[in-house]
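In what follows, a single structure is set out as structure tokens and then discussed.
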Amino acid sequence: LSATPEIPKEDGRPKWDNKFQYILSCIGFAVGLGNVWRFPYLCQIHGGGAFLIPYFIALLFEGIPLLHLELALGQCLRKGSIGAWNTISPYLGGVGVGSWVVSVLVSLYYNTVLTWVMWYFINSFQEPLPWSVCPLNENRTGFNEECYESTAVNYFWYRKTLNITPDIAESGTLQWWLILCLATCWAIVYLCTIRGIETTGKAIYVTAIFPYLVLTIFLIQGLTLPGATDGLIYLFTPNLNTLKNPRVWLDAATQIFFSLSLAFGGLIAFASYNPTKNDCEKDAVTVAIVNSMTSLYASIPVFSVLGFKATTAYWDCLDRNIISIINEFDLPEESIMRQNYTSWISFLNSSYPEKIAGLKLKSCNLQEFLDQSVSGTGLAFIVFTQAIILMPGSQAWAILFFIMLFSLGLSSMFGNIEGVFTPLLELQIIPKSAPKELLSGIICLISFLIALCFTLRSGSYWIDIFDRYAGSVPLLVIAFFEVIGVAYIYKIKRFSKDVEWMTGRKLNLYWHITWRFISPLLLLIVFMAFVTLQMQKPQSYTAWNPKYKGFPMKEEKVYPPWVQAICVLLAALPCVCVPLVALFHLVKQKRRSKDPRFVPPEVFTCQGANS
Amino acid sequence: MLRALLLTLSVVAIAHAELCKPDAQNAFKVRISIKTALGDNAYAWDANEEYLFKAMVAFAMRRYSSKSTTQISNVLLCNVTDRVSFWFVVTDSSKNVTTVPGSEVEAAIRMNRNRINSAFLLNDKTLQFLKITSTLSPPIEPSTPVWLIVFGVVLCLIVAGIVFLVVSGIQKRKKKNKESTERENSEEKAEVTLENGIPCEALDLKAGHINGVFAAEDERFTSL
């Protein structure tokens, strides 16, 4: 009798339709809104092209090793984050629970950002765009005051969309239009994740590929705009002096970390649906490189458009000054053009200095306009929307832009929801006979109800808090324990044997060194530096207050104590899971070891799961 | 005779000069930006255009007060600059050497702003009456906000998708349940009748109990 070939046991676990779906899902999870609105900003403020040096060093020593670790873990153990870490060691089960809690918190607020994107999207079908004109005041003699003092774009964002309160303590009421959009967003998420990877696998083809198409279109359009080259030169001109600032290195490390969506548990869940004999090493390197290339690729259209916007603002400034001068001196039209403005100004200043001083002309400086750097929601909803008004055919550009942002965010949401869904499915919260659709429905419904608090008037302040505290420090802690857990508790020797079995070749020295020493050390340093920097600054936020003296500048306020307590809770809750579960298991172990019937569990190996 | 005529003419001229000058009482400054409005199709501002302007102001005054006493000669223009900007004032022919109150002129211009603008192919921004504010036109508000319509379309599509997926999931599950119960039934039947893959009825044949090969060759073997 010949030996029967090793048929992998059919464990009824869903699997990817093909490898491409899996890679695309990981890329979609990693490539998100941060690639478009955080990376270009960091490049700009940290010396342009010079920022790429710490960025790629961080990618090499932190990003790729951690990514490979998570993918290999999920693929080997074939379980979601909670189950996987319980299998590695019950004392480390808390790492999985912590990942799960972070995924829940991030899903809640991330979908609210998509709600704003959806609101702008459905408002893009009007002519003229609602954020391009100020509404009139009550007696129709002028424009609405708040709008007139700031800009129409600011007004639409702060008043018409958020209806923001001047202080985080004033919650205000729920905004019904945001509730509608929030319900729609959660319905879309439910539609796509209804049966787990069966449905997200199909949806990802659209949501992961579409943004690249739109980015290319924007690239071509952006490069044809006047002033685009100024923006690009400004972005990429390297200023190597900035590398002396440790802040730059910290930002690079944290950007790589959060950009790759590590420590959420979503990557472990994705990899767990793979066949075990799959080259996870190549996958990890591919995903990381594609993510970084996307960041670079996205910064080109972003900066072309920002350069265009700065140039237009500069020209507007000049034009306004020219009109004032022409009106004051009754010179014929088009006598002063932008080109001869400076010569005229010097001539007039020498002949009529008092008149010129009386005009109160603003000094127009292109560099100043280029220096106005924004990141995050400000970039998308204020700066970019303003630039879109200036482009011909603005409705089409607005629609394209917001669909792209929505796809980027949605594919990241798939990963977040998978990080929540898979462990719950394995813990068998609902009976096995109940359909999967029920569990995903319950998750989406509960998340929608909790996320309603972000549709309050003070909602955007709370989203900033969640972003700063729940989506930053806990991830660093969890990732640190992940690496330590695999390298020193599961032991690298075992893990390298498992990875060898999966990929079919010996583990490179690079992985040994990074997993054992460099990555944990780097994570520890980043964590300490991050926490120290956060501690140094007082916990403050900027509020939009029309009654503020310096309006339209935002008012700097300090968080009230109860809000600060919530911040600490958000950051500590996932981290505290790790020691709590370890303690809980220690107590259980002590009690169980007194039981004579107790048999210690078998030592787990990756190959053992399938033979 | 001639001297009297010259004297009256000079008095009138001086009076006019007194009435129309920058910042005079009841005088308004007008600023026109033809090149900004029309670009290449810009016309030059000359005496004919000034005549048209006087005619439009007289027209506005006539329409407003509905007494046809204002003549083109009642409208005085002065200090025309290259910008193009000038001051104008409307005199009252019934009273000697006085100007019509500024409020009346303002109201008249306001009422007929549109007509005046279109006569010159300009708009409120390019034909500015510096002390007269224009009433801003309200933005066009459709009865249903456009965003609600788009929102409705998007929501309908999504709900349709969810219903389709849920229903197809339920149908798949029903089919799987039916299939699995059918298979169970057929397996049970098979358990009764199958043994080593051969139905038991066939084994009942005599041929199964006695091995024909050995039975036939019985004589070959020596008896014990």
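Scanning the stretch A:137-152 for residues that are touching a residue at least 24 places away in the same chain (Cβ under 8 Å) and over 36 Å from the mean Cα position of the chain (by Cα) yields a total of 0.
Whenever a residue of the stretch B:62-83 is within 14 Å of chain A (Cβ to nearest Cβ), its partners that are among the hydroxyl-bearing types (Ser, Thr, Tyr), lying with C-beta atoms within less than 9 angstrom and at least six residues away or across chains, give the pairs B:Asn79/B:Ser85; B:Asp82/A:Ser335; B:Arg83/B:Ser33. Residues of the stretch A:117-135 include at least one that is at the interface with another protein chain (Cβ under 9 Å from one of its Cβ atoms), touching a Cys at 6+ places or on another chain (Cβ under 8 Å) and part of a loop (DSSP other than H, G, I, E, B).
Results for (1) at pLDDT 80 or above; (2) under 30 Å from B:Ala44 (Cβ atoms); (3) assigned to a strand (DSSP E or B); (4) touching a Phe, Trp or Tyr at 6+ places or on another chain (Cβ under 8 Å), shown as yes or no for each residue.
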{"residue": "B:Phe88", "(1), (2), (3), (4)": "yes, yes, yes, yes"}
{"residue": "B:Glu104", "(1), (2), (3), (4)": "yes, no, no, yes"}
{"residue": "B:Ile109", "(1), (2), (3), (4)": "yes, yes, no, yes"}
{"residue": "B:Asn117", "(1), (2), (3), (4)": "yes, yes, no, no"}
{"residue": "B:Thr133", "(1), (2), (3), (4)": "no, yes, no, no"}
{"residue": "B:Glu141", "(1), (2), (3), (4)": "no, no, no, no"}
{"residue": "B:Gly152", "(1), (2), (3), (4)": "yes, no, no, no"}
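Of the candidates A:Thr216, A:Thr224, the single residue that is free of Cβ contacts under 8 Å to residues at least 24 places away in the same chain, away from chain B (no Cβ under 14 Å) and within 23 Å of the chain's Cα centre (by Cα) is A:Thr216. Looking at this structure, is B:Asp40 surrounded by fewer than 16 Cβ atoms within 10 Å (Cβ to Cβ), more than 10 Å from chain A (Cβ to nearest Cβ) and either modelled with pLDDT under 85 or under 38 Å from the mean Cα position of the chain (by Cα) (or both)? Yes; evaluated as a whole, the condition is true for this residue. Among the residues making up the stretch A:161-182, a single one is in a helix (DSSP H, G or I), surrounded by fewer than 18 Cβ atoms within 10 Å (Cβ to Cβ) and aliphatic (A, V, I, L, M): A:Ile179. Can you find a residue that is exposed (fewer than 15 other Cβ atoms within 10 Å of the Cβ) and in contact with a helix residue (DSSP H, G or I) (Cβ under 7 Å, 6 or more places away or on another chain) anywhere in the stretch A:399-419? No - not one qualifying residue is present in the stretch A:399-419. When the stretch A:168-182 is filtered for residues that are over 21 Å from the mean Cα position of the chain (by Cα) and within 14 Å of chain B (Cβ to nearest Cβ), the ones remaining, listed by number, are A:Gln175, A:Trp176, A:Trp177, A:Ile179, A:Leu180.
The residue that is farthest from the other protein chains (Cβ to nearest Cβ), counting only those in the stretch A:191-210 that are in contact with a Ser or Thr (Cβ under 6 Å, 6 or more places away or on another chain) and part of a helix (DSSP H, G or I), is A:Ala208.
When you go through (1) of a type in the set (A, V, I, L, M, F, W, C); (2) crowded, with 24+ Cβ neighbours inside 10 Å; (3) closer than 30 Å to A:Tyr158 by Cα; (4) away from every other protein chain (no Cβ under 14 Å) one by one for A:Val95, which number turns out not to apply? Tallying (1) of a type in the set (A, V, I, L, M, F, W, C); (2) crowded, with 24+ Cβ neighbours inside 10 Å; (3) closer than 30 Å to A:Tyr158 by Cα; (4) away from every other protein chain (no Cβ under 14 Å), A:Val95 fails exactly one: (3). Scan the stretch A:318-335 for residues that are more than 7 Å from every other protein chain (Cβ to nearest Cβ) and part of a helix (DSSP H, G or I) and the total you get is 10.
Residue-by-condition table, conditions (1) more than 15 Å from A:Ser460 (Cα to Cα); (2) not hydroxyl-bearing (Ser, Thr, Tyr):
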site: A:Val106; (1), (2): no, yes
site: A:Thr112; (1), (2): no, no
site: A:Trp116; (1), (2): no, yes
site: A:Ile122; (1), (2): yes, yes
site: A:Gln126; (1), (2): yes, yes
site: A:Trp131; (1), (2): yes, yes
site: A:Asn144; (1), (2): yes, yes
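Residue by residue, here is whether (1) loosely packed, with under 10 Cβ neighbours inside 10 Å; (2) under 30 Å from A:Thr184 (Cα atoms); (3) at pLDDT 65 or above holds:
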| residue | (1), (2), (3) |
| --- | --- |
| B:Cys156 | no, yes, yes |
| B:Phe164 | no, yes, yes |
| B:Ser168 | no, yes, yes |
| B:Arg183 | no, no, yes |
| B:Glu187 | no, no, yes |
| B:Glu191 | yes, no, no |
| B:Leu205 | yes, no, no |
| B:Ala216 | no, no, no |
| B:Glu219 | yes, no, no |
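Select from the stretch A:315-368 the residues that are under 40 Å from the mean Cα position of the chain (by Cα) and under 24 Å from B:Ile34 (Cα atoms) and write down the one among them that is surrounded by the most Cβ atoms within 10 Å (Cβ to Cβ). In this case the residue turns out to be A:Leu318.
Filtering the stretch A:204-218 to residues that are crowded, with 21+ Cβ neighbours inside 10 Å and within 25 Å of A:Gly441 (Cβ to Cβ) leaves A:Ile204, A:Thr207, A:Ala208.
None of B:Gly102, B:Gly152 is within 12 Å of chain A (Cβ to nearest Cβ) and more than 30 Å from B:Gly39 (Cβ to Cβ) except B:Gly152. Taken residue by residue, the stretch B:108-126 has at least one member that is at positive phi and surrounded by 14 or more Cβ atoms within 10 Å (Cβ to Cβ).
Just to be sure, is A:Leu475 within 19 Å of the chain's Cα centre (by Cα), buried (at least 19 other Cβ atoms within 10 Å of the Cβ) and farther than 30 Å from B:Leu165 by Cβ? When the stated conditions are applied, A:Leu475 passes them. Among the residues of the stretch A:291-314, the one identified as of a type in the set (Phe, Trp, Tyr), surrounded by 23 or more Cβ atoms within 10 Å (Cβ to Cβ) and under 15 Å from A:Leu42 (Cα atoms) is A:Phe303. Residues of the stretch A:286-304 that are within 17 Å of A:Leu213 (Cα to Cα) and not polar (S, T, N, Q): A:Val290, A:Met293, A:Leu296, A:Tyr297, A:Ala298, A:Ile300, A:Pro301, A:Val302.
The values are calculated or read from the model by the stated rules, or taken from the named source; none is laboratory data. Bear in mind the structure is a predicted one, so any value in this text is a computation, not a measurement. Cβ sites come from the backbone with ideal geometry, for glycine too, and all protein chains shown count toward neighbours.
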